[in-house]
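Peer 1: Starting off with a structure, shown below.
The values are calculated or read from the model by the stated rules, or taken from the named source; none is laboratory data. Nothing here was measured: the structure is a model prediction, and the numbers come from that model. We place every Cβ from the backbone using ideal geometry, glycine too, and count neighbours over all the protein chains shown. Heads up: the accessible areas ignore ligands, DNA and RNA and are worked out on the full protein's heavy atoms, side chains in. Shrake-Rupley method; radii C 1.70, N 1.55, O 1.52, S 1.80 Å.
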Amino acid sequence: MKDRNKLKNQKWESKKNRLKYYLKQKNVNNVPRLVVYRSNNNIFIQLVDDSSRKTILSVSSIDKDLKGDIEKAKSKIEKSTIIGKAIAEKMKKVNIEKIIFDRNGYKYHGRIKA
């Protein structure tokens, strides 16, 4: 069982690295990259500047300022929608217009799509 999980994790890591390499080649204008990570219960979003290797903004479903809205959400997809709107508001405050979306090896459906 451990070998199977290890193989699954290695596949995911290689897919994630392959996608990240492709996005860095495509990113000629040095626009920030929006990286999504999801666990079984939570979702985390970061806006990363690849040239300086720093996180510009981050929002997650465990943030204290979003706790009231997250608790009212009925499903994980609703949580993801709330998180997406929160990062969009923060990006407007900082005047970030363009980004590159990094789905981090996940399929573009469900919580990632929301």
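Peer 1: Looking at the range 46-63, is at least one residue at pLDDT below 90, among the hydrophobic types (A, V, I, L, M, F, W, C), out of contact with any Pro (no Cβ under 8 Å at 6 or more places or on another chain) and open to solvent by less than 40 Å² (accessible area, probe 1.4 Å)?
Peer 2: No, that holds for no residue.
Peer 1: Inside the range 25-51, can you point out the residues that are closer than 21 Å to Asn95 by Cβ, part of a loop (DSSP other than H, G, I, E, B) and of a type in the set (S, T, N, Q)? Don't jump to the end; show me each part of the working.
Peer 2: In the first step, residues of the range 25-51 are kept if they are closer than 21 Å to Asn95 by Cβ; the result is 27-35, 45-51.
Checking the rest, the ones that are also part of a loop (DSSP other than H, G, I, E, B) come to 27-32, 50-51.
If the condition is that a residue be closer than 21 Å to Asn95 by Cβ, part of a loop (DSSP other than H, G, I, E, B) and of a type in the set (S, T, N, Q), then Asn27, Asn29, Asn30, Ser51 are the ones that fit.
Peer 1: So Asn9 clears everything in (1) in a helix (DSSP H, G or I); (2) free of Cβ contacts under 8 Å to residues at least 40 places away in the same chain; (3) surrounded by 11 or more Cβ atoms within 10 Å (Cβ to Cβ) except one condition, right? Which one?
Peer 2: Only one criterion is unmet by Asn9, namely (3).
Peer 1: Turning to a different aspect of this structure: Take the residues in the range 70-80 that are more than 28 Å from Glu13 (Cβ to Cβ) and in a helix (DSSP H, G or I), then tell me which one is nearest to the chain's Cα centre (by Cα).
Peer 2: Glu78
Peer 1: Would you please list the contacts, defined by Cβ atoms under 8 Å and residues six or more apart or on different chains, that run from a residue in the range 63-80 that is touching a residue at least 24 places away in the same chain (Cβ under 8 Å) to a residue that is assigned to a helix (DSSP H, G or I) and not basic (Lys, Arg)?
Peer 2: So the pair list comes out as Lys79/Ile70.
Peer 1: Checking the condition within 29 Å of Val28 (Cα to Cα) and in contact with a helix residue (DSSP H, G or I) (Cβ under 8 Å, 6 or more places away or on another chain), which residue from Asp50, Asp69 passes?
Peer 2: Within the list Asp50, Asp69, the selection yields Asp50.
Peer 1: Let me ask something else. Of a type outside the set (Asp, Glu), touching a Phe, Trp or Tyr at 6+ places or on another chain (Cβ under 7 Å) and surrounded by 14 or more Cβ atoms within 10 Å (Cβ to Cβ): is that true of Ser80 in this structure?
Peer 2: Numbers: of a type outside the set (Asp, Glu): yes; touching a Phe, Trp or Tyr at 6+ places or on another chain (Cβ under 7 Å): no; surrounded by 14 or more Cβ atoms within 10 Å (Cβ to Cβ): yes.
Criteria not met by Ser80.
Peer 1: Give me the pairs: first residue in the range 89-114 and under 20 Å from Glu13 (Cα atoms), second residue open to solvent by 30 Å² or more (accessible area, probe 1.4 Å) and part of a loop (DSSP other than H, G, I, E, B), beta-carbon distance under 6 Å, and six or more apart or on different chains, which are they?
Peer 2: Filtered contacts from the range 89-114: Ile100/Val31; Ile112/Arg103.
Peer 1: Can I ask one more? Just to be sure before I move on: is Asn40 more than 25 Å from Glu78 (Cβ to Cβ), open to solvent by 60 Å² or more (accessible area, probe 1.4 Å) and polar (S, T, N, Q) in the structure I sent?
Peer 2: Details: more than 25 Å from Glu78 (Cβ to Cβ): no; open to solvent by 60 Å² or more (accessible area, probe 1.4 Å): yes; polar (S, T, N, Q): yes.
No.
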